[in-house]
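The values are calculated or read from the model by the stated rules, or taken from the named source; none is laboratory data. Not measured: the values here are computed from a predicted model. Counting neighbours? That spans all protein chains shown, and the Cβs are built from the backbone with ideal geometry, glycine included.
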Amino acid sequence: MTIIKFFILALILLWPGDATSQPRSKSKPQPPTLKYNYTFQGESEPDGFRGIKWQTDIATLDPWKTMDVVEVYGNSIYYRKKREDLRMGQAPVEDIIYEFWNGKFASVLVVVQDVPNYSKLRDYCFAKYGEGYRPEAYRMVDVQDFTWNGYFTKMYLNYRDIDHTGKLALYSIAIFNKKGRYDKALLHEIYGELLPPKDKPKEGKPRKK
């Protein structure tokens with residue numbers, strides 16, 4: 001799976017799932033009550049990554065000298081730092097990719113290989129941010145899929161046995177909300193051939209002779 005597809009898939013998995021409205025009573029209408037599942041531990045929620053705050057303008061980072069372009073897709077440009085500490089806690093990191101959307105810092109992806117390194121990354125996240133949220137169904141079968149919901153940041157951690165890869169993604173919520181619809185449309189375009197028939201555009205009917 002390419003970097004672009006993972007970023008978009010992770011965004012879809014995280015969208016929106018935070019606020020839910022309660023059903024209104026038939027006897028006495030009530031305004032909807034919003035609940036937010038804040039899952040960062042204490043005041044551990046980050047407002048960016050490694051000193052770069054969300055929505056930082058790429059121009060302020062002198063990218064021609066400090067970064068290499070990995071991919072360009074739509075309004076997003078993905079960068080890799082020329083010099084990077086490839087370690088988080090005790091976990092050796094395979095790669096760290098930064099996304100800038102419309103020139104603003106939007107998200108970051110951290111990649112590790114194999115179970116031992118993923119376990120170290122997970123332990124680092126748990127110690128620093130708490131254990132986040134994992135659906136009970138996932139917990140029962142030990143699916144490695146965790147989400148942290150904050151006021152400024154969303155974070156997603158998972159491990160895939162199929163390619164022995166662990167990924168940690170952090171997103172700016174402010175930009176996340178702006179680009180959500182755009183990326184959903186992009187995902188539809190990328191995976192259109194996998195959509196069920198009812199979601200595909202109807203083909204024109206053949207003309208009668």
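Starting from segment 46-58, take each residue that is in contact (Cβ under 8 Å) with a residue 24 or more places away in the chain and closer than 16 Å to N102 by Cα and list its partners that are outside any loop (DSSP other than H, G, I, E, B) and among the basic types (K, R), counting only C-beta distances under 8 angstrom and pairs at least six apart or across chains.
W54/K104; Q55/K104; T56/K104; D57/K104; I58/K104
Only one of (1) surrounded by 13 or more Cβ atoms within 10 Å (Cβ to Cβ); (2) of a type outside the set (A, V, I, L, M, F, W, C); (3) at pLDDT 95 or above fails for G180. Which number is that?
Of everything listed in (1) surrounded by 13 or more Cβ atoms within 10 Å (Cβ to Cβ); (2) of a type outside the set (A, V, I, L, M, F, W, C); (3) at pLDDT 95 or above, G180 misses just condition (3).
Within segment 113-124, is there a residue that is in a strand (DSSP E or B), at pLDDT 95 or above and buried (at least 17 other Cβ atoms within 10 Å of the Cβ)?
No - not one qualifying residue is present in segment 113-124.
Residues are listed down the side, and each one gets a yes or a no for (1) touching a helix residue (DSSP H, G or I) at 6+ places or on another chain (Cβ under 8 Å); (2) on the phi > 0 side of the Ramachandran plot; (3) among the hydroxyl-bearing types (S, T, Y):
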position	(1), (2), (3)
S76	yes, no, yes
F100	yes, no, no
F126	no, no, no
M140	no, no, no
T153	yes, no, yes
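Taking segment 133-157, which residues are of a type outside the set (S, T, Y) and surrounded by fewer than 20 Cβ atoms within 10 Å (Cβ to Cβ)?
R134, P135, E136, A137, R139, M140, V141, D142, V143, Q144, D145, F152
So in segment 42-91, with the set limited to residues that are part of a loop (DSSP other than H, G, I, E, B) and touching a Leu at 6+ places or on another chain (Cβ under 8 Å), which one is farthest from K120 (Cα to Cα)?
G74
How many residues are touching a helix residue (DSSP H, G or I) at 6+ places or on another chain (Cβ under 8 Å) and either crowded, with 21+ Cβ neighbours inside 10 Å or under 19 Å from W101 (Cβ atoms) (or both) if we restrict to segment 160-174?
The total comes to 5.
Please enumerate the residues belonging to segment 135-182 that are touching a residue at least 24 places away in the same chain (Cβ under 8 Å), more than 14 Å from the chain's Cα centre (by Cα) and in a strand (DSSP E or B).
Within segment 135-182, T165 is the sole residue that qualifies.
Let me confirm something: among E45, E94, which residue is farther than 23 Å from I173 by Cβ, surrounded by 11 or more Cβ atoms within 10 Å (Cβ to Cβ) and modelled with pLDDT of 90 or more?
E94
Is segment 91-110 home to any residue that is out of contact with any strand residue (DSSP E or B) (no Cβ under 7 Å at 6 or more places or on another chain) and aliphatic (A, V, I, L, M)?
Checked segment 91-110: no residue is out of contact with any strand residue (DSSP E or B) (no Cβ under 7 Å at 6 or more places or on another chain) and aliphatic (A, V, I, L, M).
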